[in-house]
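Scroll down for the structure; my scribbles are underneath it.
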Amino acid sequence: MSSSAPPKTVVAERDVPAYRKQEFHEPRRRYCVCVFVIDEGLRFERQLSRMQSLQATVDIIVADGGSTDGSTNSDKLARSGVRTLLVKTGPGRLSAQMRMAFDYALAQGYEGIVTVDGNDKDDTSAVHRFIEALDKGYDHVQGSRYIAGGKAVNTPLLRHYAVTLVHAPLISWAAGLRYTDTTNGFRAYSRRLLLDPRVAPFRDVFSDYELHYYLAIRAARLGFRCCEVPVTRTYPRETQTPTKIRGLGGNLRVMKTLLAATTGKWNPTL
């Protein structure tokens, strides 16, 4: 579909939010990288500019939660080499965007999916490490700034200690596998993991941040091959931290989601 063609509404058999798609070129690679955005403005534009070099390795898919700032203008995306723009029109937050992106990518036949936030915190040159892990047969690949080769730049102290002393230990305990950077959305998933009925990610119980936590635990518990790869995550030094988790309410919501994930609340009944 050309960038000027009217977007089509996707009606999927899986439990996914309604969304529109605009395709700028045909699939070219075995893997895709899905970039999650909502009103990221110049941060996303800077990141996308750097990501153009990735086109030799992956197709780039932008999964928009409903931006109104013009940063996902289709003409801009087409010029930047983006393969597809997905725009969520149904309910839900990040996990709904993930279900939308996974639904599309699997329907397109991709063998694996790399995910990354579009707020310019992640050094996307590390995408090749995720691809190498997928090529080696790994199913859940977690990016980590806290392992050898990784870098945590300007990480707010509260966030650093929340991840290293609370979040990662709890996810690791529930998974039976040590993870070090469990709030980091720079990850990769294999096709076989996402399509396994024992995983069943296409359920509307996954609406907020549940899916990141659930997949890390469920993949390990079911014996899928999991690993971490080093990444660099940089927070701006003098401007507001780009995040959708704000204030006491946002942090309490994260803790509630974390505890639900670690107790197996969303494990499917087979």
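Applying 0.36 nm per residue to the separation of Lys265 and Arg30 and subtracting their alpha-carbon distance, the gain on full extension is 81.3 nm.
Using C-alpha pairs below 8 Å separated by at least 6 residues, the relative contact order for the chain is 21 percent. Separation of the alpha carbons by more than 30 angstrom is noted, of Lys136/Lys256; Lys151/Lys256; Lys88/Lys256, for Lys136/Lys256. In the chain, the DSSP beta bridges split such that about 40 percent are antiparallel, to the nearest 5. Residues in the stretch 178-194 carry Karplus couplings, in order, of 6, 10, 10, 9, 7, 9, 7, x, 7, 8, 9, 9, 7, 4, 5, 5, 5 Hz; the curve used is 6.51 cos²θ - 1.76 cosθ + 1.60 with θ = phi - 60°, and Gly or Pro positions show x. Of Pro17, Pro156, Pro201, which has the largest mean-square fluctuation in a 10 Å C-alpha GNM of the chain? Checking each option, the largest mean-square fluctuation is seen for Pro156.
Distance from the Cα centroid of the stretch 170-191 to that of the stretch 79-155 is 14 Å (rounded to whole angstrom).
Please give the net charge around Ala174, taking every other residue with its beta carbon less than 10 angstrom from that of Ala174, where Lys and Arg add +1 and Asp and Glu add -1.
Around Ala174, the charge tally is +2.
Residues whose amide H falls under 5 Å from that of Ile38, counting only those 5 or more places apart or on a different chain, are Gly65, with hydrogens built in the peptide plane. When you restrict to C-alpha pairs under 8 Å that are six or more residues apart and normalise by the size of the stretch 64-199, the relative contact order lands at 28 percent. Dipole check for the chain: with +1 at the C-beta of Lys and Arg, -1 at the C-beta of Asp and Glu, and the Cα centre as origin, the magnitude is about 420 Debye. Overall, the accessible surface of the chain at a probe of 1.4 angstrom is composed of carbon and sulfur to the extent of 52 percent.
Based on protein heavy atoms only, the stretch 79-228 ends up with 36 Å² per residue of surface accessible to a 1.4 Å probe. Between Ala56 and Arg221, the FRET efficiency estimated from the beta carbon spacing at R0 = 35 angstrom works out to 0.45.
The values are calculated or read from the model by the stated rules, or taken from the named source; none is laboratory data. Source: prediction; values computed, not measured. Cβ: placed from backbone, ideal geometry, glycine included. Neighbour counts: every protein chain shown. Side chains included, ligands, DNA and RNA excluded: accessible areas come from the protein's heavy atoms. Shrake-Rupley method; radii C 1.70, N 1.55, O 1.52, S 1.80 Å.
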